[in-house]
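Down below is the structure, laid out as structure tokens.
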Amino acid sequence: MPAHDEALNIREAVQSVRLDLRPQDRLLVVADNCGDDTAALARAAGAEVIERHDALRRGKGYALDFGMRHLALNPPDVVVIVDADCSVRPGSIACVAAVALRVGAPAQAHYRMELPPDAGLKIKIAAFAWRVKNLVRPLGYRRLGLPCQLMGSGMAFPWNLIAQADLADGHLVEDLKLGLEFARKRTAPRFVPEAEVRSVFPASAAGVATQRRRWEHGHLGMLVDVAPRLLWQGLRSANVGLLALAVDLCIPPLALLALLLTAAVTTSTLAWWLLHWTAPALMAWASCAAFVLAVLGAWARFGRDMLRVTEMAGIPLYVLWKVPVYLRFALRRERNWVRSAREGEK
């Protein structure tokens, strides 16, 4: 359990995980560059704790590498990673660990984000988009017999795989990068929806903005920097798992995809009127219709508990709210890991 300044959450996170452990299991907390009482509170809650201090090499990847080197002194059969702001549904750790051992590949639990009390419309729509990305799409891939992306928490790894992984990295989306590396080696992650870890979206607008910018800039950076190469490698080597995850990586965040489809419909419709180009307009309108139907279908099946039908009308405003995030990626991309503010922090 990597933890950076998680004094507000660490006690509950440790207790949640401990309730799901067997007597022979260990819970290791890596208190990473903490300036608060995270380490002491984790020890008091019953966790084994090691502390890391390195002001230059910051980020979750470095904390994970530090923890794995400590575990190497007495290596386990499987390592499960749970973030320090998460709780665990009973039975989930054993479930995801068993799958990882059985298939000899990483296993990913459903990483569920809950709404904070009195959540506003922006947070509700962001939570719905998260559910589409972290539940709906992985379930579809699973039905097709395909792997899933790693999601950062609720991840299980056979020791022989994670011990060889290059974790010491400050990448914004180290989990996404790690899953693609495993797929390249033909041990792509498997989705285990029966297991579940839960966290809560930041309640503050600043916390949501920081979190979304980190996730989306990291995703877009991977899309631009490595997706074309991964697509080619997957095709050339007939690596179906890598090809599937590379295609998934090429899907922009939903808000950006909506903006791109809107731009395509607008420009192709103008070309139809002015130049009588019919095919581009038909393709753009068909793509837009398919996108809308997919979003409505996902909401009807998976999103009605968090977003009322009347609130769906706010999605266009949410998309416009995201425009500065994408402009900032083009002009000044986020490259350094920044922790999101938690509820109750200043």
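Okay, here's what the table says:
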| read-out | value |
| --- | --- |
| Packing-based exposure ordering (other Cβ within 10 Å, fewest first) of 310, 187, 267 | 310, 267, 187 |
| Degrees, to the nearest 10: 121-131 long Cα axis against longest axis of the chain | 80 degrees |
| Filter on 133/322; 60/322; 133/177 - keep pairs with C-alpha separation over 20 Å | 60/322 |
| Helix 240-249 axis, angle to the chain major axis (alpha carbon atoms, nearest 10°) | 70 degrees |
| Shape call, the stretch 227-335: gyration tensor on alpha carbons, a/c limit 1.5 | rounded |
| C-alpha long axis of helix 205-225 to longest principal axis of the chain, angle in ° | 80 degrees |
| Aspartates and glutamates whose Cα lies under 13 Å from that of residue 122, excluding same-chain neighbours fewer than 8 positions away | 311 |
| Tensor-based shape of the chain (alpha-carbon gyration tensor, a/c under 1.5 rounded, otherwise prolate or oblate) | prolate |
| Cα-centre dipole for the stretch 58-168 with unit charges at Cβ (Lys and Arg positive, Asp and Glu negative), debye to 20 | 460 debye |
| Unit charges on C-beta of K, R, D, E only; dipole of the chain, Debye | 900 debye |
| Dipole of the chain, positive end: most advanced residue of 96, 282, 223 [Cβ charges, Cα centre] | 282 |
| Calculated FRET efficiency for the pair residue 238/residue 8, C-beta based, R₀ 56 Å, to 0.05 | 0.70 |
| Positive-end residue, the stretch 2-249 charge dipole about Cα centroid, Cβ charges, pick of 154, 62, 134 | 134 |
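A short reminder: the numbers here are calculations on the coordinates, not readings from a lab. Please read these numbers as outputs of a predicted model, since none were measured by experiment. With ideal geometry, Cβ positions are generated from the backbone for all residues, glycine too; neighbour counts draw on all protein chains shown.
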